[in-house]
Amino acid sequence: MNGNGVPLSPTVYPLAKRRVWAMLAGSLVFVAVGIVLLVVHSTVKMTVAGALAVLFFGFCSAVFIQRLLRDRPELVLDDAGVEHVGLGRFGWDEIAAVRVREQRVRNTSQRFIELVLHDPDAYLARAPKLVRRTASMNARLGFGPANMATNTLPVPPEAVLDAMRRHCPGLVIQQL
């Protein structure tokens with residue numbers, strides 16, 4: 001709500017389609033590399049690497065295609081809470097804080113907006129299957145179960161945090 005007690009219009013972030021098209025292209029290249037490893041190389045190590053590449057990047061490609069075909073916003077913020085295409089719906093009362101996290105792997109990094117939840121177990125009980133399956137891996141990396149990748153959003157994470165604060169002025173934003 002704004003300062004006059006009037007509800008704000010929802011803040012809607014569409015899918016950053018150019019970025020997702022680029023990620024799809026990259027995944028398809030790795031699928032092709034995996035197929036080459038399966039066909040050309042006869043060592044067990046190369047065959048396993050090829051099979052894993054085809055399976056993993058084939059799955060990623062299917063997810064990217066599905067997201068491109070589905071005409072849903074990536075993220076919607078309103079006075080009641082947050083709705084993310086992959087994580088589901090959260091009321092502001094479920095969120096203890098938000099923070100921007102970064103996962104570094106070699107020379108690259110991926111930024112996430114992490115929703116720090118009051119009761120992560122209650123969320124996991126209703127979470128999509130993929131979130132439930134990756135929750136233990138996220139925990140080993142020091143993340144909670146509700147993480148939004150920022151590479152599919154059309155704005156930087158700081159803009160999303162500003163919009164979150166407009167919809168929920170008392171929201172705690174943690175700095176790392």
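Numbers at a glance
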item: Mean separation of Cα contacts under 8 Å, 6 or more apart, over the residue count of segment 112-176: relative contact order %; result: 36 percent
item: Between segment 126-176 and segment 12-39, the Cα center-to-center distance that results, in Å; result: 23 Å
item: Packing-based ranking, highest mean first, of 98-110, 142-154, 13-25 given that Cβ atoms within 10 Å are counted; result: 142-154, 13-25, 98-110
item: Cα-based equivalent ellipsoid of segment 75-129: semi-axis lengths in Å, sorted from largest, via gyration tensor; result: 23, 13, 12
item: The chain: angle of helix 129-140 to the longest principal axis, Cα-based, in degrees nearest 10; result: 90 degrees
item: Length gained when the stretch Thr134-Leu161 is fully extended (0.36 nm per residue, less Cα-Cα span); result: 7.3 nm
item: Placed amide H near Leu117: partners under 5 Å, 5+ positions off or other chain; result: Ala96
item: Local electrostatic count at Ala127 - Lys and Arg +1, Asp and Glu -1, tallied over other residues with Cβ under 13 Å; result: +2
item: Within the accessible area of the chain (1.4 Å probe), percent carbon and sulfur; result: 62 percent
item: Cα-based Rg / Dmax (Å) for the chain; result: 18.7, 70
item: Contact order relative to length of segment 29-176, as percent, for alpha carbon pairs under 8 angstrom and 6 or more apart; result: 20 percent
item: Tilt relative to the chain, helix 17-40 - C-alpha long axis, 0 to 90 degrees, to 10; result: 20 degrees
item: Cα-centred dipole magnitude for the chain, charges only on beta-carbon of K, R (+1) and D, E (-1), debye, nearest 20; result: 720 debye
item: Rule-of-thumb Rg ratio for segment 121-176 [Cα; 2.2 N^0.38 Å; N residues]; result: 1.32
item: Convex hull (Cα only) mean projected area of segment 1-96, reported in nm² to one decimal; result: 8.7 nm²
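The values are calculated or read from the model by the stated rules, or taken from the named source; none is laboratory data. Given the structure is predicted, the values throughout are model-derived calculations rather than measurements. For neighbour counting, all protein chains shown are included, and Cβ atoms are generated from backbone atoms with ideal geometry for every residue, glycine included. Areas reflect the complete protein model, heavy atoms only, side chains present, ligands, DNA and RNA absent. Shrake-Rupley method; radii C 1.70, N 1.55, O 1.52, S 1.80 Å.
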